[in-house]
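Note sheet for the following structure.
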Amino acid sequence: MSSIQKIKGFADLFSPDSDRFTFLESTARSVFFKYGFGELRTPILEHTEVFSKGIGEDTDVVGKEMYTFPDRKGRSLTMRPEATAGVMRAFIESRQYQPGGVYKLCTMGPMFRYERPQKGRMRQFHQINCETLGSDSPLADAEIILMLNEFLLAAGLDRLTFEVNSLGCNDCRPGFRQALTDFFAAIPEEELCDDCKRRRATNPLRVLDCKVERCKKAIEGVPELPEHICPKCRDHFAEVLEVLDASDISYVRNPRLVRGLDYYQSTTFEVVSGDIGSQSSVAGGGRYDGLVRQLGGPDVPGVGFACGMERLALLLEAKENGEMKQPDFYVALLDERGLRQSLLLAQELRGHGLSGECALAAGSMKSQLRRAGKLNARFALILGGEELDAKTVVVKNLQSGDQAVVPWEHAVTLVRG
RNA sequence: GCGAACGUAGCUCAGUAGGUAGAGCACACGGUUGUGGCCCGUGUGGUCGUGGGUUCAAGUCCCAUCGUUCGCCCCA
């Protein structure tokens, strides 16, 4: 192929792939609006510091996955690798925050990360995002988890598991980190995999969810987060869990659930699927109370989540059973003299809320009806020389084969049934 | 960034010890006058990802390159 190709890790979505995205977006909106969320659309491009300050300089995302480049005046810009930091920037910049107020924002759209593409992981991928700002109440955490659950169910996605954890706050997490580091330091090097040898220095929390058997064995008895968080965090988390228990959501506690973005603290959660390969996390989120201030705004607490639309779309696709769209009609044209009438008839029916297409060129009866059948239309409206002369049309029911010759203006009532 | 597999008609793929390409599906048109979905026939369509190399001769061997896929990593 010598024609121009799309960029690696980017995709063109035609129907029906694009339909799944549209469906996810619209069900998300209808669920979120019920909870009082308003939609915010922020730019795809931001000043780089929005992300380096917000997500954390030494995360993988910021360190090696961002599309960052200078603009024509040499300012460093970055294509957003996630939504939350940009939403916070917009929230701060708009100066709409009033102490005591609660703000619920949702956003959705493309994100960009320079990673090796694989199943469920694109360089341009799409997320659906929600943020509740201004409340540090555990009820806000619970509400957003319940809303996420409702959205996923509304999209027809079950067989997902919710995992929840608490990472502790800035007061208690350092202590836990230290306890981990001390614990790992005592493990002989040969008992860990190569990744974990590195990770225990760079990102000790990550060692917790290593999948290598050797490591799982080596870290038996490792300090667990729930035992190290401060009383305040413990109570907060307990209240979140109690509300979840009182609701009809099912979840599992995963004391080793760790998030890769620096701004997460306290409550964290993840939605995992076993049906879509190694990129199994379809949604994730948590509380990020320090983020707004980190970005130069007031001290506003927040909690939110992000869903990966490509991954949800994979699940939707797996559930589909090849049902075809069924338009109401197809105008089959046999005589070139009827070209205009073909369109006018279609317009008449569309004006009554019916869906369908008309022939844009005349053809043989065989080819025209084949086309109608291929489109899976309910009715074929046949326009031939005889019908044109008499200002009539044959309305043929393609399922039963029944047909009737009627004046143009009566076609609508037959198709409507 | 690391590893593995694969790149042949629009799609899914065959292609035998190297000798200038096939099937199914799809598409188009037919199977006697204006009636589809089944069946049958005919036809359109490929410089075998790209560039080098070995050879009398390469889709088939070698190298490189691009791309795809799956895993690692990371995350949604």
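The values are calculated or read from the model by the stated rules, or taken from the named source; none is laboratory data. No experiment lies behind these values; they were computed from the predicted model shown. Because the Cβ atoms are built from the backbone with ideal geometry, glycine has one as well, and the counts that use them run over all protein chains shown. Each accessible area value is taken on the protein alone, full model and side chains, heavy atoms only, with ligands, DNA and RNA left out. Shrake-Rupley method; radii C 1.70, N 1.55, O 1.52, S 1.80 Å.
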Of the residues in region A:121-140, how many are on the phi < 0 side of the Ramachandran plot, crowded, with 19+ Cβ neighbours inside 10 Å and of a type outside the set (Val, Ile, Thr)?
12
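Being part of a helix (DSSP H, G or I) and more than 6 Å from RNA strand B (Cβ to nearest atom) is the filter; apply it to region A:349-371 and report the residue that is nearest to A:GLU409 (Cα to Cα).
Per the criteria, the residue is A:LEU349.
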Considering (1) modelled with pLDDT of 95 or more; (2) within 16 Å of RNA strand B (Cβ to nearest atom); (3) under 28 Å from A:LYS6 (Cα atoms), say which one A:SER26 fails and leave the rest.
(2)
The lone exception for A:VAL252 - which of (1) outside any strand (DSSP E or B); (2) open to solvent by 30 Å² or more (accessible area, probe 1.4 Å) it fails
(1)
Residue by residue through region A:337-348, note down the ones that are within 13 Å of RNA strand B (Cβ to nearest atom) and open to solvent by 50 Å² or more (accessible area, probe 1.4 Å).
A:ARG337
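Please state which one of A:PHE37, A:PHE21, A:PHE10, A:PHE33 is away from RNA strand B (no atom under 15 Å from the Cβ) and either in contact (Cβ under 8 Å) with a residue 12 or more places away in the chain or among the acidic types (Asp, Glu) (or both).
Details: A:PHE21 fails: away from RNA strand B (no atom under 15 Å from the Cβ); A:PHE10 fails: away from RNA strand B (no atom under 15 Å from the Cβ); A:PHE33 fails: either in contact (Cβ under 8 Å) with a residue 12 or more places away in the chain or among the acidic types (Asp, Glu) (or both).
When all the criteria are applied, what remains is A:PHE37.
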Scanning region A:240-249 residue by residue, the ones that are open to solvent by 70 Å² or more (accessible area, probe 1.4 Å) and either in contact (Cβ under 8 Å) with a residue 60 or more places away in the chain or of a type in the set (A, V, I, L, M) (or both) total 1
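Residue by residue, here is whether (1) of a type outside the set (Gly, Ala, Ser); (2) over 29 Å from the mean Cα position of the chain (by Cα) holds:
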{"position": "A:THR181", "(1), (2)": "yes, yes"}
{"position": "A:ASP194", "(1), (2)": "yes, yes"}
{"position": "A:ARG199", "(1), (2)": "yes, yes"}
{"position": "A:ARG214", "(1), (2)": "yes, yes"}
{"position": "A:GLU242", "(1), (2)": "yes, no"}
{"position": "A:ALA246", "(1), (2)": "no, no"}
{"position": "A:PRO255", "(1), (2)": "yes, no"}
With the checklist (1) open to solvent by 80 Å² or more (accessible area, probe 1.4 Å); (2) touching a residue at least 60 places away in the same chain (Cβ under 8 Å); (3) touching a helix residue (DSSP H, G or I) at 6+ places or on another chain (Cβ under 9 Å) in hand, flag the one item A:ASP158 doesn't pass.
(2)
Out of region A:304-330, which residues are modelled with pLDDT of 90 or more, among the hydrophobic types (A, V, I, L, M, F, W, C) and more than 8 Å from RNA strand B (Cβ to nearest atom)?
A:LEU312, A:ALA313, A:LEU314, A:LEU315, A:LEU316, A:PHE329
If you check A:ASP17, A:ASP12, A:ASP71, A:ASP58, which single one turns out to be loosely packed, with under 12 Cβ neighbours inside 10 Å and either aromatic (Phe, Trp, Tyr) or under 30 Å from A:GLN326 (Cα atoms) (or both)?
A:ASP12
Subset tally (residues that are near RNA strand B (Cβ under 6 Å from one of its atoms), aliphatic (A, V, I, L, M) and open to solvent by 50 Å² or more (accessible area, probe 1.4 Å)) for region A:372-410
1
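Identify all residues within region A:266-281 that are polar (S, T, N, Q), more than 7 Å from RNA strand B (Cβ to nearest atom) and either outside any strand (DSSP E or B) or modelled with pLDDT under 90 (or both); write none if there are none. Walk me through it before giving the result.
The initial filter retains those residues of region A:266-281 that are polar (S, T, N, Q), namely A:266-268, A:273, A:278-281.
Narrowing the set further to residues that are more than 7 Å from RNA strand B (Cβ to nearest atom) leaves A:266-268, A:273.
Within region A:266-281, A:SER273 is the sole residue that qualifies.
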Are there any pairs with C-beta distances below 6 angstrom linking a residue in region A:135-148 that is under 18 Å from A:GLY100 (Cβ atoms) to a residue that is in a loop (DSSP other than H, G, I, E, B), with the two at least 6 apart or on different chains, and if so which?
A:SER135/A:VAL102; A:ASP136/A:PRO301
Restricting to region A:296-327, count the residues that are surrounded by fewer than 19 Cβ atoms within 10 Å (Cβ to Cβ) and over 16 Å from A:PHE21 (Cβ atoms).
11
